[in-house]
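Down below is the structure, laid out as structure tokens.
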Amino acid sequence: MLDFDERIIKYAVVDIGANSVRMNIYDIDTQTGEFTVCASARSMLGLAAYTKNGTLSNDGAGKLFAVLREFLARANSIPCDAFSAFATASLRGLSNSKKILREIKSGLGIDIEIISGETEAKYDHAAIRFRFPETEKGVLIDMGGGSTEIVHFENDRVLNAVSLPIGCVMLGKNFTECSKKEPFPNESEMENIRVYVKKILSAYPAFRKIGGTAFLIGGTARAAAKLNLSLSEQKEYLPDGYAFSVNALKKTADTAFGDIREGGKWIRETVSDRITSIIPGLVAYLEICDYMLLSDFIISNAGVREGYLIEFIRKNFLRKTQES
């Protein structure tokens, strides 16, 4: 157990995803457990694009090393009291993940924890309960580059949770010929994505026709919300907790599908960092909506990183306070 003397410490948390690598640096009150973000950084590395036959390429591993070296230098310059990194579907199940972790540990001194899909879902649930404590029951959906976590919960109790092999980058890679030069799938490719997502969802009848509102986590969700916000001619920054209906999502998706047939100017202007993954993500979201009969969405900026942080605080500070 860590033991810090200061009332406020700075803690860097790095989330290595299949689409992006993100670092948040938090100020933590070690007595109350309260925290705020004091700095952040992001790299749209897209590790899923460097994965083939269950192996991360040397180029992908090298780029990850470089990103982590940059993040570590930034954390040290602040300086931070602690630094942690975890990986989700980006490194989960890869044949050479242990080798990559050894090289990063040797070169940078960083221990990377690869968390399971079940643990990722648990952290997402903790984050939603923290961010929206007034919510008694609901569904959360965390779509990343390589997987999607869905949790049906009631207060602090998880009714059902699953990690699905549905990710916006993975779908684009496996079912389209998209590239940075030609980033948008055609109608046939989108239909292939629909068929695949329907097949995956059909194996989980516990989530069928749940209905109600879903909390959306992740960059794909925020990109979809930004497109929706743009349609309403509201140009301000996307707020945490932004709410919109399934019908609004369908209108947004229809507009996006029409836009790609015209070259994708609107998408490029609105979500330039997501042009290769937003369409597969929208197609998947629509299938999930239909299967679960969802009605509305709420965007949450709190997700797996905050859940990871909450667990860190509980283990290292709150428990110590309760025992003293």
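Based on the mean of other beta carbon atoms within 10 Å per residue, what is the order of 19-26, 114-121, 245-252, most packed first?
Top to bottom by mean Cβ count within 10 Å: 19-26, 114-121, 245-252.
Report the Rg/Rh value for region 11-53, based on alpha-carbon coordinates and the Kirkwood definition of Rh.
A ratio of 1.20.
For region 252-324 and region 7-39, what is the separation of their Cα centres, given in Å?
Answer, in whole Å: 19.
Round to the nearest 0.05 the FRET efficiency obtained for Glu136 and Asp5 when R0 = 35 Å and r is the Cβ-Cβ distance.
0.35
Quick check on region 258-310: take the gyration tensor over C-alpha atoms, sort the square-rooted eigenvalues as a ≥ b ≥ c, and tell me if it's rounded (a/c under 1.5), prolate or oblate.
It is oblate, given that a/c is not under 1.5 and a/b is not larger than b/c.
Could you run the Karplus curve 6.51 cos²θ - 1.76 cosθ + 1.60 with θ = phi - 60° over region 22-35 and give me ³J(HN,Hα) per residue in whole Hz, x for Gly and Pro?
After applying 6.51 cos²θ - 1.76 cosθ + 1.60, I find 10, 10, 10, 10, 10, 8, 10, 7, 6, 8, 9, x, 6, 8 Hz.
Which residue, chosen from Ile278, Phe132, Ile298, occupies the Cα position most advanced towards the positive end of the dipole of the chain, where the dipole is computed from +1 (Lys, Arg) and -1 (Asp, Glu) charges on Cβ about the Cα centre?
Ile278
For region 166-324, what proportion of DSSP beta bridges, expressed in % and rounded to the nearest 5, is antiparallel?
40 percent
Restricting to the chain, what percent of DSSP beta bridges are antiparallel, rounded to 5?
65 percent
Using packing as a proxy for protection, rank 140-147, 221-228, 35-42, 67-74 so that the peptide with the highest average count of other Cβ atoms within 10 Å comes first.
Peptide ranking by packing, descending: 140-147, 221-228, 67-74, 35-42.
What's the ranking of 95-105, 295-305, 171-181 by average number of surrounding C-beta atoms within 10 Å, highest first?
Put in order of decreasing packing, that is 295-305, 171-181, 95-105.
Counting alpha carbon pairs within less than 8 Å and at least 6 residues apart, what relative contact order, in whole percent, applies to the chain?
Relative CO of the chain lands at 19 percent.
Hey, if you drop one equal point scatterer on each alpha-carbon of region 140-292 and run the Debye formula without solvent, what base-10 log of I(q)/I(0) do you get at q = 0.12, 0.16, 0.17, 0.18 Å⁻¹?
Debye intensities relative to I(0), on a log10 scale: -0.48, -0.86, -0.97, -1.09.
Applying the Karplus parametrisation 6.51 cos²θ - 1.76 cosθ + 1.60 with θ = phi - 60° to the phi angles of region 6-16, what ³J(HN,Hα) value in whole Hz is obtained for each residue in order, glycine and proline being reported as x?
6, 5, 10, 10, 10, 10, 9, 10, 10, 10, 9
Over region 106-238, what relative contact order in percent results from Cα pairs under 8 Å that are six or more residues apart?
Value for region 106-238: 22 percent.
Say we join alpha carbon atoms closer than 10 Å with springs in a Gaussian network model of the chain; which of Asp156, Asp124, Asp15 then has the biggest fluctuation?
Between Asp156, Asp124, Asp15, it is Asp156 that shows the largest mean-square fluctuation.
Within straight cross-link reach of Lys98, meaning Cα distance under 18 Å, which lysines are found once same-chain residues fewer than 8 apart are removed?
Filter leaves Lys52, Lys63.
Taking Lys250 as the anchor, which lysines have their alpha carbon closer than 26 Å to its alpha carbon, excluding any fewer than eight residues away along the same chain?
Cross-link targets: Lys137, Lys173, Lys180, Lys198, Lys199, Lys209, Lys226, Lys235, Lys265.
Can you give me the relative contact order of region 1-122 as a percent, contacts being Cα pairs under 8 Å and 6 or more apart?
26 percent
Considering only the other residues whose Cβ falls under 14 Å of the Cβ of Leu91, what net charge follows from Lys and Arg at +1 and Asp and Glu at -1?
Cβ neighbours under 14 Å give a net charge of +1.
Computed from the coordinates by the stated procedures, all read-outs in this text should not be read as laboratory data. The structure presented is a predicted model; accordingly, all values stated were derived computationally and were not measured. Here Cβ is always computed from backbone atoms with ideal geometry, including for glycine, and neighbour counts include all displayed protein chains.
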